[in-house]
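Participant: Below are the structure tokens for one structure; questions will follow.
The values are calculated or read from the model by the stated rules, or taken from the named source; none is laboratory data. All values derive from a computational prediction rather than experimental measurement. Quick reminder, even Gly has a Cβ in these numbers, built from the backbone with ideal geometry, and neighbours come from all protein chains shown. Side chains included, ligands, DNA and RNA excluded: accessible areas come from the protein's heavy atoms. Shrake-Rupley method; radii C 1.70, N 1.55, O 1.52, S 1.80 Å.
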Amino acid sequence: VFGQHITLLVSLSFLHGKDRKLFCGVIASLFSGIMYAAPLPSMWNAFTTRSVDFVPLHLLLLVLLTSLFWLIFGILGNDLFIMVPNGIGCTFGIIQLITYAV
């Protein structure tokens, strides 16, 4: 929540037009990428312990499907701010499913 307030304050106070859109798009893309990378430590734990008991498969599948649909939407709309973080999300989702399968 604090980051949202900083982004709002900076964008409304100092930026206008395309600069504001670029700033907000980069911040949103950055945090979306972080969101998709968040399960990676638990996947590393699954890899080192050779157990996926604590990794929910349905969550991995839904994250992959959600990022895939948003990636397709971004491609159709030619919007890099949607394509890039969701492309990262698809990549992380595939890595997580491969780790789960192994």
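Participant: Cα extents of the range 1-51 along the three principal axes, largest first, in whole Å?
Facilitator: 51, 20, 8
Participant: Going by Cα centres, the range 1-23 and the range 36-102 are how many Å apart?
Facilitator: That distance is 28 Å.
Participant: Right, something else. First measure r as the distance between the Cβ atoms of Leu9 and Leu61, then evaluate 1/(1 + (r/R0)^6) with R0 = 41 Å and state the FRET efficiency to the nearest 0.05.
Facilitator: 0.60
Participant: Once R0 is set to 30 Å, what does the formula 1/(1 + (r/R0)^6) return for the Cβ-Cβ distance between Ser42 and Phe69, expressed as a FRET efficiency to the nearest 0.05?
Facilitator: Calculated transfer efficiency: 0.80.
Participant: Here's something else I'd like to know. Helix-derived [θ] at 222 nm for the chain: sum -39500 (n - 2.57) over DSSP H runs of at least 4, divide by residue count, nearest 500?
Facilitator: Value at 222 nm, helices only, nearest 500: -28500 deg cm²/dmol.
Participant: Now for a different question. Expressed as a fraction of 2.2 N^0.38 Å, the rule-of-thumb size for a compact globular protein of N residues, what is the C-alpha radius of gyration of the chain? Could the numbers behind the result be given before it?
Facilitator: Details: Rg = 16.4 Å, N = 102, 2.2 N^0.38 = 12.8 Å.
Cα-based Rg divided by the globular estimate yields 1.29.
Participant: Report relative contact order for the chain in percent, whole number only (criteria: Cα-Cα under 8 Å, sequence separation at least 6). Intermediate results must be reported in sequence, preceding the final value.
Facilitator: On the way: 78 pairs, mean separation 31.6, N = 102.
Value for the chain: 31 percent.
Participant: Next question, about the same structure. Write down the accessible area per residue of the range 54-101 in Å², having rolled a 1.4 Å probe over the full set of protein chains.
Facilitator: 62
Participant: Carbon-plus-sulfur fraction of the accessible area of the range 1-51, 1.4 Å probe, in percent?
Facilitator: 73
Participant: Which FRET efficiency value, to the nearest 0.05, is calculated for Phe23 and Ile98 with the Förster distance at 22 angstrom and r the Cβ-Cβ distance?
Facilitator: 0.05
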